[in-house]
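This report refers to the structure that appears directly beneath it.
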Amino acid sequence: MTVRGLRRIIVSVADRERALALYRDALGLAEKYSAGDMVVLAVADTGVELLLHERPPTPGLAGVAASFLVSDVDEATTAAQKAGAQVVDAPADQPWGERQSVLTDPDGHVLCLVAPTV
């Protein structure tokens with residue numbers, strides 16, 4: 001057996017509408033569909049989905065973090081903050097060739113915003 005790709009990231013959220021304000025409205029992920037306490041968002045041009053599941057979240061800084069490729073890290077970080085995200089690490093160029101910011105969403109989950117510096 002071999003992993004052939006990444007299909008979906010599932011994030012537990014306390015308030016689906018609050019999470020949509022960040023992931024859909026601020027970061028621009030397209031809403032595909034919703035069912036019950038879940039909503040599925042599409043990551044453009046990838047086939048990868050972000051599923052927001054309204055249930056008690058268990059966030060932590062040592063857990064798994066999703067990195068989202070954006071066109072402008074500084075602009076996306078500002079939009080994310082306005083939607084309730086908290087900055088952990090401000091946008092900065094990294095030695096591996098990306099500009100990156102690290103944030104927590106309104107439920108405390110870690111997410112990274114990245115763009116190539118080249």
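The values are calculated or read from the model by the stated rules, or taken from the named source; none is laboratory data. Given the structure is predicted, the values throughout are model-derived calculations rather than measurements. Cβ sites come from the backbone with ideal geometry, for glycine too, and all protein chains shown count toward neighbours. Surface accessibility is based on the protein's heavy atoms, side chains included, excluding ligands, DNA and RNA. Shrake-Rupley method; radii C 1.70, N 1.55, O 1.52, S 1.80 Å.
Only residues that are open to solvent by less than 70 Å² (accessible area, probe 1.4 Å) and within 20 Å of T77 (Cα to Cα): list them for region 25-38, please.
Initial filter on region 25-38 (open to solvent by less than 70 Å² (accessible area, probe 1.4 Å)): 26-30, 34-35, 37-38.
Those that are open to solvent by less than 70 Å² (accessible area, probe 1.4 Å) and within 20 Å of T77 (Cα to Cα): A26, L27, G28, L29, A30.
Scanning region 84-105 for residues that are buried (at least 19 other Cβ atoms within 10 Å of the Cβ) and touching a residue at least 60 places away in the same chain (Cβ under 8 Å), we see that the one that is nearest to P56 (Cα to Cα) is D105.
The numbered conditions (1) basic (K, R); (2) open to solvent by less than 80 Å² (accessible area, probe 1.4 Å); (3) touching a residue at least 60 places away in the same chain (Cβ under 8 Å) are all true for R18 except (2).
One line per residue, one yes/no per condition, for (1) modelled with pLDDT under 95; (2) out of contact with any Lys or Arg (no Cβ under 8 Å at 6 or more places or on another chain); (3) open to solvent by 50 Å² or more (accessible area, probe 1.4 Å):
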{"position": "R4", "(1), (2), (3)": "yes, yes, yes"}
{"position": "V40", "(1), (2), (3)": "no, no, no"}
{"position": "T46", "(1), (2), (3)": "yes, yes, yes"}
{"position": "A62", "(1), (2), (3)": "yes, yes, yes"}
{"position": "K82", "(1), (2), (3)": "no, yes, yes"}
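Show me the strands (runs of 3 or more DSSP E) entirely contained within region 7-118 in which 1 or more residues are among the polar types (S, T, N, Q) and touching a Cys at 6+ places or on another chain (Cβ under 9 Å).
Details: elements: 8-13, 30-35, 38-42, 49-54, 66-69, 86-93, 98-104, 110-116.
Filter on region 7-118 gives 66-69, 98-104.
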